[in-house]
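Okay, so here's the structure we're looking at.
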């Protein structure tokens, strides 16, 4: 069981690294912001960034395993709900519920 | 929209409770670090008593993508030193996704900050509740971590719909992510972001040289 001092140090280190990565580039990249190239990039980046993060979440999906079926079904549920209702909370709850039910029952057998 | 963080926070809290840590660690983690996907990893790292250097390196690799957010997050519309400090501290994927939409172009300092504060509260509140409830949920219930996948699915769909004329961009991102997964699985995020940014840059330079560029 990790002790309190170690856990506090781990939290402090993580917080410092994360904040530095978020704050420092604003100073370092400031001269770039006026460029038309960067402005073009910055309008296109958000959609791509989220696609990459989604693929990252699914990176270790074992395609021959029942767990992959659970994840792919839950992904379909999430996408369908979101295209249908456009309600983020509903889509996330629906997809996660589907995944928990499938993963729990498939892994148990 | 930000309410999507509540089920994610609940899932995180339950993971913390099942790891054997006291419930209030979930509150402390989410308040002080506030980086969803990394925090799921952190619970596994501290559970294995990983050295602090490994914790720092993992935090760097998982969160280095935030470097790219400085290019488009509207921090210049956030005024005041304290406000800027909090705004960069709370620059999560969700805050970035919401503050870079078309409709956010007219948002004031106050609007951007309140968005971030609410996202933060949803995340801390969800995690705390999840950790408190976690001991009631048997270990055999698995798969809650899908909440993170579902969150990114929703954010991706919304961002694509926001600029639906620009389908090549998400396709380029998908190809970058798949290439990174196959070529450098250990450094997938950093590789994918670098490939994607380079691809966008190449495309921009190619189209801006053509005479039809508007």
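Computed from the coordinates by the stated procedures, all read-outs in this text should not be read as laboratory data. Source: prediction; values computed, not measured. With ideal geometry, Cβ positions are generated from the backbone for all residues, glycine too; neighbour counts draw on all protein chains shown.
So how many residues does the range B:135-189 have that are within 7 Å of chain A (Cβ to nearest Cβ) and not in a helix (DSSP H, G or I)?
Residues meeting the conditions: 7.
Check residue B:139 against each of (1) surrounded by fewer than 19 Cβ atoms within 10 Å (Cβ to Cβ); (2) within 17 Å of residue A:59 (Cβ to Cβ); (3) in contact with a helix residue (DSSP H, G or I) (Cβ under 7 Å, 6 or more places away or on another chain) and name the one condition it does not meet.
Every listed condition holds for residue B:139 apart from (2).
Kindly provide the set of residues from the range B:60-79 that are more than 17 Å from residue A:15 (Cα to Cα) and touching a helix residue (DSSP H, G or I) at 6+ places or on another chain (Cβ under 7 Å), ordered by number.
The answer is B:68, B:69, B:70, B:71, B:72, B:73, B:74, B:75, B:77, B:78, B:79.
Given (1) over 28 Å from residue B:186 (Cβ atoms); (2) not in a helix (DSSP H, G or I), identify the lone condition not met by residue B:34.
The one condition residue B:34 does not meet is (1).
Working carefully through the options B:165, B:177, find the one that is surrounded by 18 or more Cβ atoms within 10 Å (Cβ to Cβ) and over 24 Å from residue B:2 (Cα atoms). Steps first, please.
On the way: B:165 fails: surrounded by 18 or more Cβ atoms within 10 Å (Cβ to Cβ).
Of the residues listed, the single one that is surrounded by 18 or more Cβ atoms within 10 Å (Cβ to Cβ) and over 24 Å from residue B:2 (Cα atoms) is B:177.
Looking at B:109, B:101, B:128, which is the one that is in contact with a helix residue (DSSP H, G or I) (Cβ under 8 Å, 6 or more places away or on another chain), within 9 Å of chain A (Cβ to nearest Cβ) and more than 19 Å from residue A:20 (Cβ to Cβ)?
Values: B:109 fails: within 9 Å of chain A (Cβ to nearest Cβ); B:128 fails: within 9 Å of chain A (Cβ to nearest Cβ).
Of the residues listed, the single one that is in contact with a helix residue (DSSP H, G or I) (Cβ under 8 Å, 6 or more places away or on another chain), within 9 Å of chain A (Cβ to nearest Cβ) and more than 19 Å from residue A:20 (Cβ to Cβ) is B:101.
How about the range B:193-214: which of its residues are over 28 Å from residue B:3 (Cα atoms) and surrounded by 13 or more Cβ atoms within 10 Å (Cβ to Cβ)? Break it down into steps so the answer makes sense when it comes.
The first filter runs over the range B:193-214 and keeps only residues over 28 Å from residue B:3 (Cα atoms), leaving B:194-214.
B:194, B:195, B:196, B:197, B:199, B:200, B:201, B:203, B:204 - these are the residues of the range B:193-214 that are over 28 Å from residue B:3 (Cα atoms) and surrounded by 13 or more Cβ atoms within 10 Å (Cβ to Cβ).
Which of the residues spanning the range B:40-57 are at the interface with chain A (Cβ under 8 Å from one of its Cβ atoms) and either crowded, with 21+ Cβ neighbours inside 10 Å or not in a loop (DSSP other than H, G, I, E, B) (or both)?
Selection gives B:42, B:45, B:46, B:47, B:52, B:55, B:56.
State whether one or more residues within the range B:82-93 are touching a helix residue (DSSP H, G or I) at 6+ places or on another chain (Cβ under 7 Å), closer than 30 Å to residue B:141 by Cα and either more than 7 Å from chain A (Cβ to nearest Cβ) or free of Cβ contacts under 8 Å to residues at least 24 places away in the same chain (or both).
Yes - at least one qualifying residue is present in the range B:82-93.
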